[in-house]
Amino acid sequence: MIDVLTSLAGPAVRLFPVYLLTTILIACAVYLTVRPREPFLRWLLPWSTWSHASTMVDIKLFALNRLLSLVGVFNSVFLTSATALFVLTLLSGRPGEGQSVNPIFASFCILLAHDFGIYWIHRIHHETRILWPFHSVHHSAEVMTPITVYRKHPIYDVLSSAARGLFSGVIQGVVLAMFVGPMTLSTLLGINVFYVLFNLLGANLRHTHIWLSYGRVLEHIVISPAQHQIHHSRAVAHHNKNYGEVLALWDWMFGTLYVPDGREDLDFGLADADGRPLPQPHGTFGQALMQPVRQALRAAGARARKVEGTTAR
């Protein structure tokens, strides 16, 4: 029973009660700063958002993916750590001892490596026609709540978990071999202090209507909730921007960073590269599950025909 509760709302889950509490406290500070005319609870939890059909799909996908997580379908954390340990041992030539590791420095190295991997996996899903239909389920949310972070197609979770686990694990192993030294699997699994801080300091606001910007200087280093909301925006200026999860450094380095000058009015949902809104393809739970499969198969078929045509010439 404890394992079930931990999987649904433990420290590794964005909806962990402690993270939600700090989110409310930060939202309260924002409320006192902007001083909207409506009462705090109505501003924090607008009925129009929580009763929206898009939110109902979020909740159903969250329940399905948590159920699949319970039976071990997704386990990118373990795969990342196991891969990192394998690469680390391979490069160092000896098994990890885990004795003289500075946990803060090791955590920072893991953050850099893992976040770099997440940036590229995220970007590839946006820019690959066969993969995009599965990730588009997340971006088809027309309103956002903290549950929207779990609005993911199961196939996307399987693919991204495996890719993130392997890609990030290899990078982590190389980085740790260069800068940290031998470690054990249990040590790798236990080092997550920066992600705990990330969740404590307002990560849940990333998928809400509440605008929280860190300012132009800091937003070149760390992705703010406002910047992630911009990532979900239909506006043409925001198209395929701000892929980063924790760090904005990768977006800055690879030309996908968007830093707002001030608060912007955002419209969430799918749009084409010219900013034209697209019809909602995932209006129901069934559509959210089946439509991406059909789209991906069509894209794969078109790709196969193109390759066949090129080969026949």
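Compactness ratio for segment 213-257: Cα radius of gyration over 2.2 N^0.38 Å (N = residue count) comes to 1.00.
Ligands, DNA and RNA left out, the accessible area of segment 127-179 computed with a 1.4 Å probe is 71% carbon and sulfur. Each peptide in 141-147, 103-109 receives the mean, over its residues, of other Cβ atoms within 10 Å, and ordering these scores from highest gives 141-147, 103-109. Of the whole protein surface, residue 159 contributes about 70 Å² of accessible area at a 1.4 Å probe radius. Karplus-based coupling profile of segment 257-268, in residue order and whole Hz: 7, 10, 10, x, 7, x, 4, 10, 7, 10, 10, 8, with θ = phi - 60° in 6.51 cos²θ - 1.76 cosθ + 1.60 and x standing for Gly or Pro.
Report note on the peptides 130-138, 207-215: ranked by the mean count of other C-beta atoms within 10 Å, highest first, their order is 130-138, 207-215. Backbone amide hydrogens, once placed in the peptide plane, bring residue 222 within less than 5 Å of 248, excluding anything fewer than 5 places away on its chain.
With 0.36 nm allotted per residue and the present C-alpha distance subtracted, the residue 129-residue 197 stretch has 21.0 nm of extension available. Counting only lysines at least 8 places from residue 152 when in the same chain, those with an alpha carbon closer than 18 Å to its own are 60. Taken about its Cα centre, segment 208-273 carries a charge dipole of about 80 debye when Lys and Arg each add +1 at the Cβ and Asp and Glu each add -1 at the Cβ.
The values are calculated or read from the model by the stated rules, or taken from the named source; none is laboratory data. Here the structure is a predicted model, which means the values were calculated and not measured. Cβ: placed from backbone, ideal geometry, glycine included. Neighbour counts: every protein chain shown. Calculation scope for accessible area: heavy atoms of the full protein, side chains included, ligands and nucleic acids excluded. Shrake-Rupley method; radii C 1.70, N 1.55, O 1.52, S 1.80 Å.
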